[in-house]
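To start, the structure under review is shown below, and the notes come after it.
The values are calculated or read from the model by the stated rules, or taken from the named source; none is laboratory data. If you're wondering where the values come from, they're calculated on a predicted model, not measured in any experiment. Cβ placement follows ideal geometry from the backbone for every residue including glycine, while neighbour counts extend to all protein chains displayed.
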Amino acid sequence: MKVTGLAIVPPPAAASLPKVTPELLASVLARYSRSNDGLAKILEKVDIANPDESIDRILKFVDYGHASIGGLTGGLAIALDDVSMWLAYKIFELAQMADGQESSTRYITMDATNLPAPEAIGIPADLAPRWSAVMAKAFAAYHAEYTRLDQLALAQPGLVRLPKDARPAVVTRLRKNYALDRARYFIPLATRTNLGLVQSSRMWAATVKHLDSLGMPEASLAAKLIRDELLKQSPRLMRHSSAEKSYQAQAQQELAASLSLGLARLSTKPLADEVWVKVDRETPPWLVETQPVAEALKHRANRYGYQGKATRRMRVSFAWNNLAIAELRDLNRHRTGHRYTPLIQAGFYLPTEITPGAYQALLDEQAALTRELMTRGSAAYVYSLLLGAQTPFEHSTQADKFIYEAELRTGMGAHYRYAEHLSAALREFSRQVPEAKDWVVEGTAEPE
């Protein structure tokens, strides 16, 4: 694992602007909020050449909470190389205020050589050979199906949906995407990937504190490396980023709940689709919403248009019983509201193009390994999961955010399985809010 911090260099046109460190920026803005002087006067008292001295002088004068001041540090960029897909998923879950990207599965190495060492992720020593063997078989299944589906699509040109007048290069790309999007359910969640995030010192401190409290080797190492890197840019504020009792207690309770539910529901059989949507339109009696839902929606040119109060004030919770981790990894990045999954294997999804029986021995072996890790109470059970593992997933947010997600995940270029899940949720939302139906665009996931 490698962590790299990125500093933002001002463009030449901004050369006349003061160049301040993240912490000096935060301290100046803290002083600004407690003064009637303009920003220029405050900056006159700052020695840019000695930022630490200036910070200390300001912070002695200004009383503040480290959390509120940490949010003023601007965007601190961190890149994490060679972390497991599980850790990438977890960081996106925790860093709800971050902007970030993860390497696409289309561009990372799909091979057992791209797995972390068993001891680095907490796999018990006596189970390490067994874990490595199952992961190698999973990669072999992925490659076998990818090759078969690619050749099938080549032999049957009508099998893959294509845009009109698609160029040969586009046809090839979409054919390979068709194969990958169906074979990917065999990919281990332990596969290494890369991600980059930008967020303030305040949010980095909370993210690192949470990672450090999980009690998992990979998460603890990531917490240390991120902290060490950010101490160079924000030393005072990142001191508040170590493991903390309340975080540890909740992590232990959530692990216990996942182990209990996971052992009770562990299965290699696919789960039938179920969706749950709860819409809450209640408002205070002294502030009743009067805007029609149609007025909140009909003025948009596309999903990026601004919605009115009627949908922004409407609460929506939606959940699926059987979201495959392959889909969870992306749906988890819709940052608004609260998201929750026990991250278990209550079933295993494979597309209709793959014959499940051909891989039943592999799935049985993988499930037995997962059960053994769970029975031992090991948090490392997550590293035995494949992307086809189906887990319950819940997201609570507002209607405007839900509508955006539904339009995005059924729209142009959306993965077929996203579209199925979001279409089902959208149908139930439309049943409860029928006046929205004419103004929400459900796509057909046509290829780009």
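Of everything in segment 329-374 that's touching a Ser or Thr at 6+ places or on another chain (Cβ under 7 Å) and more than 18 Å from Leu266 (Cα to Cα), which residue is surrounded by the fewest Cβ atoms within 10 Å (Cβ to Cβ)?
Applying the filter and picking the extreme gives His338.
Could you grab me the full set of residues in segment 271-309 that are among the basic types (Lys, Arg), in a loop (DSSP other than H, G, I, E, B) and within 18 Å of Glu428 (Cβ to Cβ)?
Listed by number, the list holds a single entry, Arg281.
How many of the residues in segment 423-441 are within 23 Å of the chain's Cα centre (by Cα) and either hydroxyl-bearing (Ser, Thr, Tyr) or modelled with pLDDT under 95 (or both)?
1
When you look at Phe402, is it in a strand (DSSP E or B) and either modelled with pLDDT of 95 or more or among the charged types (D, E, K, R) (or both), yes or no?
Here the answer is no, as Phe402 does not meet what is asked.
Condition first: touching a residue at least 24 places away in the same chain (Cβ under 8 Å), assigned to a helix (DSSP H, G or I) and surrounded by fewer than 15 Cβ atoms within 10 Å (Cβ to Cβ). Now tell me which residues in segment 257-270 satisfy that.
Selection gives Ala257, Leu263.
What's the total number of residues in segment 236-248 that are modelled with pLDDT under 85 and farther than 22 Å from Met1 by Cβ?
4
Given Glu420, Glu407, Glu428, Glu394, which one is part of a strand (DSSP E or B), assigned by TED's automatic domain parsing to the domain that holds Tyr340 and of a type in the set (D, E, K, R)?
Residue meeting the stated conditions: Glu394.
State which residue pairs qualify: first residue more than 20 Å from Phe186 (Cβ to Cβ) and inside segment 324-344, second residue part of a loop (DSSP other than H, G, I, E, B) and of a type in the set (A, V, I, L, M) in any location, beta carbons under 8 Å apart, and separation of 6 or more residues or different chains.
Between residues of segment 324-344 that are more than 20 Å from Phe186 (Cβ to Cβ) and residues that are part of a loop (DSSP other than H, G, I, E, B) and of a type in the set (A, V, I, L, M), the close pairs are Arg335/Met97; Arg335/Ala98.
Would you point out the residue of segment 289-301, among those that are more than 10 Å from Trp439 (Cα to Cα) and either free of Cβ contacts under 8 Å to residues at least 24 places away in the same chain or outside the structural domain of Ser430 (by TED's automatic domain parsing) (or both), that is surrounded by the most Cβ atoms within 10 Å (Cβ to Cβ)?
Gln291
Name, by its number, the condition in (1) under 24 Å from the mean Cα position of the chain (by Cα); (2) part of a helix (DSSP H, G or I); (3) buried (at least 17 other Cβ atoms within 10 Å of the Cβ) that does not hold for Val198.
Condition not satisfied by Val198: (2).
So for segment 203-213 (the condition being among the aliphatic types (A, V, I, L, M), surrounded by fewer than 20 Cβ atoms within 10 Å (Cβ to Cβ) and either in the same structural domain as Leu76 (by TED's automatic domain parsing) or not in a helix (DSSP H, G or I) (or both)), does at least one residue qualify?
No, because not a single residue in segment 203-213 is among the aliphatic types (A, V, I, L, M), surrounded by fewer than 20 Cβ atoms within 10 Å (Cβ to Cβ) and either in the same structural domain as Leu76 (by TED's automatic domain parsing) or not in a helix (DSSP H, G or I) (or both).
Go through segment 326-344 and report how many residues are part of a loop (DSSP other than H, G, I, E, B) and modelled with pLDDT of 90 or more.
Here the count works out to 4.
Please enumerate the residues belonging to segment 408-448 that are over 24 Å from Tyr185 (Cα atoms) and crowded, with 20+ Cβ neighbours inside 10 Å.
Leu426, Phe429, Val433, Ala436, Val440
Report the residue count in segment 388-405 for those that are surrounded by fewer than 23 Cβ atoms within 10 Å (Cβ to Cβ) and of a type in the set (A, V, I, L, M).
Summing the residues that are surrounded by fewer than 23 Cβ atoms within 10 Å (Cβ to Cβ) and of a type in the set (A, V, I, L, M) in segment 388-405 gives 0.
Test of understanding: among Ala243, Ala251, which residue is among the hydrophobic types (A, V, I, L, M, F, W, C) and either more than 22 Å from Tyr89 (Cβ to Cβ) or assigned to a helix (DSSP H, G or I) (or both)?
Exactly one of Ala243, Ala251 is among the hydrophobic types (A, V, I, L, M, F, W, C) and either more than 22 Å from Tyr89 (Cβ to Cβ) or assigned to a helix (DSSP H, G or I) (or both), namely Ala251.
Could you figure out which of (1) in contact with a Lys or Arg (Cβ under 9 Å, 6 or more places away or on another chain); (2) among the charged types (D, E, K, R); (3) surrounded by fewer than 16 Cβ atoms within 10 Å (Cβ to Cβ) isn't true of Arg313?
Exception for Arg313: condition (3).
Kindly list, by first and then second residue, each pair from a residue in segment 88-100 that is closer than 20 Å to Ala326 by Cβ to a residue that is part of a helix (DSSP H, G or I) and of a type in the set (Phe, Trp, Tyr), limited to pairs with Cβ atoms under 7 Å and residues at least 6 apart or on different chains.
Partner pairs satisfying both residue conditions: Gly100/Phe92.
Six or more apart or on different chains, Cβ under 7 Å: which pairs go from a residue in segment 394-416 that's among the polar types (S, T, N, Q) to one that's surrounded by fewer than 22 Cβ atoms within 10 Å (Cβ to Cβ) and not in a loop (DSSP other than H, G, I, E, B)? Could you list them?
Ser396/Ser317; Ser396/His338; Gln398/Arg312; Gln398/Arg315; Thr410/Ala419; Thr410/Ser423
Would you confirm, using the coordinates I've provided, whether Ala128 is over 30 Å from Ala414 (Cα atoms), out of contact with any Leu (no Cβ under 7 Å at 6 or more places or on another chain) and aliphatic (A, V, I, L, M)?
In short, yes.
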